[in-house]
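First comes the structure, then the notes that go with it.
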Amino acid sequence: MILKHSSFLKPKNQNQKIWRYVDFTKFIDLLNSQSLYFTRVDIFEDIFEGSVPLKTFKSRKVVIQQEIINGKIVNNSEDIQKYSDFLKKSRQDFGVNCWHMNDFESAAMCRLYLKSDEGIVIQSSFQKLNKVLKNSQFEFFIGTVKYIDYENDDIIFESGFSPFVNKRKSFSHENELRAIIPVEAPANTKEIDLQNGGCKIKINLEDLVENIFVSPNLPKWFSDLVSETCLKFGFDFKVINSSLDNEPIY
C-alpha cells in the first residue's frame, strides 16, 4: 500500500524511467529473493540523511522554546536537545530503496555506483515501482528528493518525514526517487525489522523490471550470462548492452 503525505511528491511524468545500479552478486540475490532491499537511513554514507538545514533547526528551536516556556518547563535547552536526539534516533525506523530518474543511461551514475567490473543496471519506471509497492502487504511512502542548500535554505517541518526527502545540493546528480518503509506504520510494526541494517520486501519482479542493461566495457559473453541467469530463475527479461559502448562516428 502507498501512504500519502504532502512531503512525498510524485514525478511530473508518471512513466518517468528510473534506474537502479547493482553488481552481479546483488542482481543474483534480487532474482533469487524476488525482493527489493530497503537500507536503514542511518546506515547511508551521507551522514546528513534524515537531518535538517541550519535555518530549520533554528526556527524549530524557537518554537520548542516558546512551547516549553508556555508550559512552564524550566530546563528548556535540555528538552531541545532531547528532541534533536529523538529525531536522530528515528532514522533507525525508516528503510529506503533508491532509484535514479533519467530518460537515458547515465555514464556518470555508472561510474559512481557500479563498484565492480560486473555491473548491472535495472531499468523500470515510476508507475511500475508504484504498482508493485501498492500491491504489497506492507505500507510505503514514495516520492522525489529535493536538493537544497543546508546552510541557507529552510524546509517545511510539518512532520518527521520532511528530512527524508531533502538532501544537500552536492547530491543533485542523483536525481533520486526513493521508496521509504516506516517501521511504525500499522501494517509494518509486527513484521518489519531493520535491526540488521535493512530489510527485504517481496515484490513481483516481472511487474517491476522493464529492461536489464549490462554496464559499459563488458564483453558479449557477460550479457549472455546475465540472460541465461535470468532464464534459470524463470525470468525472460530483455538484456541490453549499454549504448555507452557504442563506437563514435567521425
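List of remarks:
- Anisotropy class of the stretch 1-49 from Cα gyration tensor, a/c 1.5 cut: oblate
- Build a GNM of the chain with springs between Cα atoms under 10 Å apart, and of ASN32, ASN130, ASN152 the one that fluctuates most is ASN152.
- Overall, the accessible surface of the chain at a probe of 1.4 angstrom is composed of carbon and sulfur to the extent of 51 percent.
- Among 4-13, 163-172, the order from most to least packed when residues are scored by Cβ within 10 Å on average: 163-172, 4-13
- Cβ-based net charge around GLY197, under 11 Å, with every Lys or Arg adding one and every Asp or Glu removing one: -1
- Take every Cα pair under 8 Å whose residues are at least 6 apart in sequence, average their separation, divide by the length of the chain, and the relative contact order is 33 percent.
- Qualifying aspartates and glutamates (Cα of each under 13 Å from Cα of LYS10; at least 8 residues distant if same chain): GLU176
- Whether the stretch 177-250 is rounded, prolate or oblate, judged on the alpha carbon gyration tensor where a/c under 1.5 counts as rounded: prolate
- In this simple spin-label model, placing a label point 7 Å from the Cα along the Cα-to-Cβ direction at both ALA107 and PHE57 gives a separation of 3.9 nm.
- Neighbourhood charge, 11 Å Cβ-Cβ cut-off, centred on LYS115 and excluding it, Lys, Arg +1 and Asp, Glu -1: -1
- For the chain, the mean residue ellipticity at 222 nm estimated from helices alone is -9000 deg cm²/dmol, where every DSSP H run of n ≥ 4 contributes -39500 (n - 2.57) and the total is divided by all residues, rounded to the nearest 500.
- Förster radius 45 Å - calculated FRET efficiency between ILE156 and PHE233, Cβ distance, rounded to 0.05: 0.55
- Global geometry of the stretch 88-161, whether rounded, prolate or oblate, following the gyration tensor of its Cα atoms and the 1.5 cut on a/c: oblate
- Centre separation in Å (Cα based) which lies between the stretch 167-202 and the stretch 89-137: 12
- Using a simple spin-label model with pseudo-atoms 7 Å out from Cα toward Cβ, LYS146 and GLU206 lie 4.0 nm apart.
- Of all aspartates and glutamates in the structure, those lying under 12 Å Cα to Cα from LYS4, and not within fewer than 8 positions of it along the same chain, are GLU139.
- Lys, Arg +1 and Asp, Glu -1 on Cβ, resulting dipole of the chain about Cα centre, debye, nearest 20: 660
- Paramagnetic reach from LYS89 in the stretch 20-47 [backbone N under 20 Å; point 7 Å along Cα→Cβ]: 40-44
- Surface exposure of the stretch 127-250, expressed per residue as accessible area with a 1.4 Å probe, stands at 55 Å².
- Radius 11 Å from Cβ of ILE47, net charge of other residues (Lys, Arg +1; Asp, Glu -1): -1
- Projecting the Cα atoms of PHE140, ILE156, LEU205 onto the dipole axis of the chain, where Lys and Arg carry +1 and Asp and Glu carry -1 at the beta carbon, places ILE156 farthest toward the positive end.
- Pairs over the 32 Å Cα-Cα cut-off, from the set LYS26/LYS146; LYS131/LYS169; LYS200/LYS238; LYS26/LYS82; LYS88/LYS232; LYS82/LYS167: LYS26/LYS82; LYS88/LYS232.
The values are calculated or read from the model by the stated rules, or taken from the named source; none is laboratory data. Predicted model, so just to flag it, every value in this text is computed and none were measured. Positions of Cβ are generated from backbone atoms using ideal geometry, with glycine treated the same way; all protein chains shown enter the neighbour counts. All accessible areas refer to the heavy atoms of the entire protein, side chains included, with ligands and DNA or RNA removed. Shrake-Rupley method; radii C 1.70, N 1.55, O 1.52, S 1.80 Å.
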